[in-house]
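The values are calculated or read from the model by the stated rules, or taken from the named source; none is laboratory data. As the structure is a prediction and not an experimental result, all values here were calculated from the model. All Cβ positions, glycine included, derive from the backbone under ideal geometry; neighbour counts span all protein chains shown. Accessible surface areas use protein heavy atoms only, side chains included; no ligands, DNA or RNA. Shrake-Rupley method; radii C 1.70, N 1.55, O 1.52, S 1.80 Å.
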Amino acid sequence: MTKTQEVVIRSLHRIEELEDVRKLESTIWGETDSTPSHQTITAVKNGGLVLGAYWEEQLVGFQYSFPGFNGQSAYLCSHMLGIDVQFRNKGIGEKLKLAQREEAIKLGYSVITWTYDPLESVNGYLNIAKLGGVCSTYIANCYGEMDDLLNSGIPTDRFLVEWHIGKQETTDYRGPGIALEYVMENSLIQWDTDKKGLPVPSLTLPLPIQECGTAFVAIPKDFRTIRDTNIQAATEWRMKTSEIFTNLFQQGWQVTDFIKNSKTEIPVHFYVLSRK
């Protein structure tokens, strides 16, 4: 596969299609206890949404959402997005999210919410920088201890993202227009590198004073490799980012942008936060 345009996204309604989604979910997460198709088809019939990404009629990705309600307004809860390992980093996730936005508007929704691991930089870049989501809620150990291929070993902390689809369009990433050297110097988490060149968190800077309008928090470019090769460093990243984001959100900050650093010698990317 070389062109994401060759991937076809379509909304799924038949039990056979949803059973294929269940099987792909099991393959991606390495679990036998996947979401049953009788649950996903019930969601589809009651305001939910399941999208499939097809490459030459092969299901290679999916997105599953169901209705949510907070006591005041309804929204679409985007529960799961998965891509076959052979088709990752080819823009399929973004195509699924854009199709989700389009279908959600047809269903009458104005907000989509979902959770993701804030240390997964690929998801941070997509969810915050490209889609325009914002986050001011940090959920510690959101799903408890998990032993699947993507979550085992450390607490399942998550950002809760809000995507206001009635107001924002997806745009090409432009970044905040701030010099990278300034961002690095002022990141609330500083870092060293180990023998493999992977970042290890070192000191943390004091939280910004009230008058500051922007804050920066570094995260690893490749957290999965760190988790697989140095669980102690992975745990340190989790604990330090958990403390900083929790404190920032309590003081009225929110994540509004993501800086994708292209310099290979700098092993981190950066979240950008601003005051509400």
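Put simply, of 276, 260, 240 the only residue that is among the basic types (Lys, Arg) and surrounded by fewer than 13 Cβ atoms within 10 Å (Cβ to Cβ) is 276. Here the condition is being hydroxyl-bearing (Ser, Thr, Tyr) and touching a Cys at 6+ places or on another chain (Cβ under 8 Å); of 65, 26, it holds for 65 alone.
Report yes if some residue within segment 11-24 is at pLDDT 95 or above, over 22 Å from residue 101 (Cα atoms) and touching a strand residue (DSSP E or B) at 6+ places or on another chain (Cβ under 6 Å); otherwise report no. Within segment 11-24, one or more residues are at pLDDT 95 or above, over 22 Å from residue 101 (Cα atoms) and touching a strand residue (DSSP E or B) at 6+ places or on another chain (Cβ under 6 Å). I'd like to know if segment 54-64 contains one or more residues that are outside any strand (DSSP E or B) and either more than 20 Å from the chain's Cα centre (by Cα) or buried (at least 19 other Cβ atoms within 10 Å of the Cβ) (or both). Yes, some residue in segment 54-64 is outside any strand (DSSP E or B) and either more than 20 Å from the chain's Cα centre (by Cα) or buried (at least 19 other Cβ atoms within 10 Å of the Cβ) (or both).
From the list 28, 9, the lone residue that is in contact (Cβ under 8 Å) with a residue 24 or more places away in the chain and closer than 20 Å to residue 142 by Cβ is 28. Restricting attention to segment 201-237, the residues that are closer than 20 Å to residue 261 by Cα, in a loop (DSSP other than H, G, I, E, B) and either of a type in the set (Phe, Trp, Tyr) or open to solvent by less than 60 Å² (accessible area, probe 1.4 Å) (or both) total 1.
In the set (1) within 23 Å of residue 129 (Cβ to Cβ); (2) in contact (Cβ under 8 Å) with a residue 12 or more places away in the chain, the condition left unmet by residue 102 is number (2).
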